[in-house]
Amino acid sequence: MKSPNAIEFESELKLGLRNMWYPICQSAHVKDRPLGLRRLGSDIVVWRDSRGKVHTHDDRCLHRGAKLSLGRILNDMLRCAYHGWCYDSSGQCIAIPTSHTAQVKLAPRLRLESFETQERAGLVWVFFAEDRSAAAPPLVIPEELEDPAYSGFICEAEWKASWMLILENLADPMHGPFLHGQSLTLSRGTLEDEMRTTRHPDGFLVEREGQRGVNFDWAEFYCRDSMWVRLDIPLPFGPKGILRILCFATPIDEDRSLVYFLRYRNLSGWKRAYWRFLYKTFWERQHSKVIDEDRRILESQRGAQCRIAEHLSNSDRGVTELRKLLREKIACRAPQ
Ligand code: FES
Ligand SMILES: [Fe+2]
């Protein structure tokens, strides 16, 4: 019999919460060919029209189900490689070159499922709706990403771990001085502390009570129609100060995720130029070592199985708060 304490991932969470915006790829990766991606357990095709606007649809031709991402973009249409059926940017089938009758009678009745898509801060964002006919809410992203006072870089990775484990790792500042204790950025501070969580209308804050500005000491979760985490880590030099990290996790499948760490600094003049130079020549590699430590741990947790044998302590207050928040979010969406 399953232990009463056993917690598995809620089925609504395994492939990501619906009715949310997620970053699905970098803008720079959508070029002049259709791009096939798997996100939230679905195959989608992303393409750019001649005005530069990005569109997203189900990656399945309505003729015989071939992947449209194997086709090409022709005169602002998505053209299937198999028999040449064409779709416009709204997903409407507008050409069936193999049959005049089908072109006249069938094509007008066929439309690909489409997703609301936006490009912001160098990323392509898609709204994964439960009900595709409903309009998407405005996309809210961290203000640093569009504030000219900040300058930053995108770090993208694919991990063999559930997006839930990625979020839980971000809600757990106490792992900083242990897992990353050999790093240049996260080796300082005490190894024991009390944790505090504070709810706010858009999410919650988890923080160490005993220290600030020393290690990964706090994380702020935003969870409304998009979900992201804000945190700071101190840089000891180059130039010394705070590195702000905006984190996003997008499920690929139940046990694979796309992660983004957008690293931003509020610097101007020579300090900005110096940091940008050092980032490319030095810091990027150092930060990669740190997130690779996270990746190895999360991939070792074997998905939801880790929850069956877990024993949470006071230092896991952020993890508990995150789970509570997500359960509330699921509950308020459930049909009454
Ligand atoms: S499967 Fe796409 S045109 Fe035939
Ligand atoms: Fe970490």
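Taken together, the values in this text are just the output of simple stated rules run on the coordinates, not laboratory data. What you see is a predicted model, and the numbers here were worked out from it, not measured in a lab. Ideal geometry is used to build each Cβ from the backbone, glycine not excepted, and the neighbour counts take in all protein chains shown.
Counting 0.36 nm for each residue step from L278 to H100 and taking away their Cα separation leaves a gain of 58.0 nm. Angle check, please: helix 284-300 long axis (alpha carbons) against the longest principal axis of the chain (alpha carbons), in degrees 0 to 90, nearest 10. Orientation of helix 284-300: about 80 degrees from the principal axis. Here the extension length gained between S133 and N314 equals 60.8 nm, from 0.36 nm per residue of separation less the Cα-Cα distance. The calculated 222 nm mean residue ellipticity attributable to helices in the chain amounts to -6000 deg cm²/dmol, summing -39500 (n - 2.57) over DSSP H runs of n ≥ 4 and dividing by all residues.
Evaluate the distance, in nm, between pseudo-label points positioned 7 Å from the Cα of S50 and of Y82 along their respective Cα→Cβ axes. Those two pseudo-labels are separated by 2.8 nm. Here the peptides 284-292, 72-80 are ranked by packing, the mean other Cβ count within 10 Å, and the order with the highest first is 72-80, 284-292. Mean projected area of the convex hull spanned by the Cα atoms of segment 54-120, taken over all viewing directions: 4.4 nm². Translational diffusion of segment 243-283, estimated by Stokes-Einstein from the Kirkwood radius over alpha carbon pairs at 10 °C in a medium of 1.306 mPa s, is 132 µm² per second. Counting only cysteine Cβ atoms and a cutoff under 4.7 Å, the chain contains unmatched residues C25, C86, C93, C155, C223, C247, C306, C332. Along its three principal directions, the equivalent ellipsoid of the chain from the Cα gyration tensor extends over semi-axes of 39, 25, 17 Å, largest first.
Alpha-carbon geometry of segment 29-178: the Rg and the Dmax are 18.9, 68 Å, given in that order.
Relative contact order, whole percent, for the chain stands at 18, derived from Cα pairs under 8 Å and 6 or more residues apart.
Quote to one decimal, in nm, the extra length available between D43 and E113 on full extension: 0.36 nm per residue of separation minus the C-alpha distance between them. Intermediate results must be reported in sequence, preceding the final value.
Values: separation 70, 0.36 × 70 = 25.20 nm, distance 1.14 nm.
The span from D43 to E113 would gain 24.1 nm if fully extended.
The tail of the calculated P(r) for segment 143-333 beyond 32 Å holds 12 percent of all Cα-Cα pairs. Extending 7 Å from Cα along the Cβ direction at L74 and again at A149 yields two label points whose distance is 5.2 nm. Distance between the pseudo-spin-label points of W270 and R18 (7 Å out from Cα toward the beta carbon): 5.7 nm. Evaluated with a Cβ-only charge set (Lys, Arg +1; Asp, Glu -1), segment 33-86 carries a dipole of roughly 120 debye about its Cα centre, given to the nearest 20.
Within a straight-line Cα-Cα reach of under 20 Å, K160 can be paired with the following lysines, leaving aside sequence neighbours fewer than 8 residues apart in one chain: K14, K289.
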